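In what follows, a single structure is set out as C-alpha cells and then discussed.
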Amino acid sequence: MPSLLEPFRPLNDPIKDWANRTVWLVGGSEGIGLALGQELLARGARLVVSARRADRLSEAFPQAEVCKLACDIAQPESLGSACAYLDRAGLVPDVVFWVAGVYSPMQSWNFDPNEAEKTLRINLLSCYYGLHQVLKLWQDNPSPSRQPHWVWVSSVAGYRGLPLAMAYGAGKAALNQLAEINYLELRPRGIGVSLVLPGFVKTRLTAQNDFAMPALLSPEDAARYTLKGLAKGDFEIHYPRRFTLILKLLRCLPYGLYFRLVGRLRQG
C-alpha cells in the first residue's frame, strides 16, 4: 500500500555535493549559464562548458581546469562531434545543464518567420538532438555509483501565452512539456530530470524588453536558486516565487478572465 508521504517525497535524488561530479553546461558563456558555471566550479565540480564561440568561453572561464568545448547546438553535426569528444576524453557528464537559448520579441502582426524558425531551432529542436546524443553516451558508459541527471532551463514564459513571446514562449511551452515527458520515461530508467523556470533575470536577452520586469534577479541569484532546488531533489524549480506563483495561478484561470487580465496589464 503506498505511503501517505509518497506525494511529498523528492521527485529526484537530491544533488548536494558537486565535488568531482562531471558537469556539462551547454550555454555557459553568459547570463545564467555563466553564473551557474562559476558557482559549480566553486563547489568542486569538474566542469565542461559549451557555447558557439570559443573566444567567449575562454573569456568567461579562464581557469585551466575548465574544459572549453565550442559547439553550435543549432547544428546536429556539431553536437555529435562534441559528444564524441566527451566520450574520448573521459568526460561523460554526470549532470547536463541545458541553458542555451535565444530571445527576440515578436508580435503576431509584425514578425519575421525566419527569425521565428531560428528561435525554435535553438530553443527547442536542438534539445532533441542534444538529449539523443547524451542518452547514447549514458547508455554506453553506465555509472554504477551516480544517477545521471538532466536539467532543462526553460522559462515561466512557457506557462501560458504572453504578448511579445510568439516564438520564445511557444518554444518554452513545448520544452516544459518535453521535460515532463522525459521525467515520466527516464526516471524509471534511473535518470533524473529537472525543469528550471526562472522569472525575469538581468541578462543581455532581457535587456531587449521595453517594459518593467517585476522581481528582476541577477544571474548569480538564479544560479543559487537552481542549485538549491537540485539539492532538494525538485523536478520543478521556479523562482522568484513572489512572481512565479502569480504566473502559476494565472494558468488556472479560464480564458475569458486570463485574456482580459493580461490584455489590461499589457495596455497599462
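Where a number appears in this text, it was derived from the coordinates with a stated rule and is not lab data. Note that the coordinates shown come from a computational prediction; the quantities given were computed from them, not determined experimentally. We place every Cβ from the backbone using ideal geometry, glycine too, and count neighbours over all the protein chains shown.
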Practice problem: Could you point to the residue in 15, 153, 263 farthest towards the positive end of the range 11-267's charge dipole, with +1 and -1 charges on the Cβ of Lys/Arg and Asp/Glu respectively? | Solution: 263
Exercise. Express the relative contact order of the chain as a whole percentage, based on alpha carbon pairs under 8 Å and six or more residues apart in sequence.
Key: 20 percent
Exercise. Please give the FRET efficiency for residue 64 paired with residue 257, using the beta carbon to beta carbon distance and R0 = 45 Å, rounded to the nearest 0.05.
Key: 0.20
Practice problem: Please work out whether the range 11-267 counts as rounded, prolate or oblate from its C-alpha gyration tensor, where a ≥ b ≥ c are the square roots of the eigenvalues and a/c under 1.5 means rounded, while otherwise a/b larger than b/c means prolate and anything else oblate? | Solution: prolate
Exercise. Distance from a point 7 Å along Cα→Cβ of residue 9 to each backbone N in the range 216-233: keep the residues under 17 Å and list them by number.
Key: 232-233
Quiz item: Helix 241-250 sits at what angle to the longest principal axis of the chain, using alpha carbons and giving 0 to 90 degrees rounded to 10?
Solution: 60 degrees
Quiz item: From the backbone phi of the range 148-156, what are the Karplus-calculated ³J(HN,Hα) couplings (6.51 cos²θ - 1.76 cosθ + 1.60, θ = phi - 60°) in whole Hz, Gly and Pro given as x?
Solution: x, 9, 10, 10, 8, 9, 10, 6, 5
Quiz item: Over 24 Å between Cα atoms, which of 16/136; 68/172; 16/248; 118/172 qualify?
Solution: 16/136; 68/172; 16/248
Exercise. Treat every Asp and Glu Cβ in the range 46-97 as -1 and every Lys and Arg Cβ as +1, leave all other atoms uncharged, and give the resulting dipole magnitude about the Cα centre to the nearest 20 debye.
Key: 60 debye
Quiz item: Does anyone have the angle between helix 219-231 and the longest principal axis of the chain? Alpha-carbon axes, 0 to 90°, nearest 10?
Solution: 60 degrees
Practice problem: Quote the charge dipole size of the chain about the Cα centre in Debye, to the nearest 20; the model charges only the Cβ of Lys and Arg (+1) and of Asp and Glu (-1). | Solution: 700 debye
Self-check item: Shape of the range 118-197, Cα gyration tensor, a/c cut at 1.5
Solution: prolate
Self-check item: Folded to 0 to 90 degrees: helix 31-42 orientation relative to the chain principal axis, Cα
Solution: 30 degrees
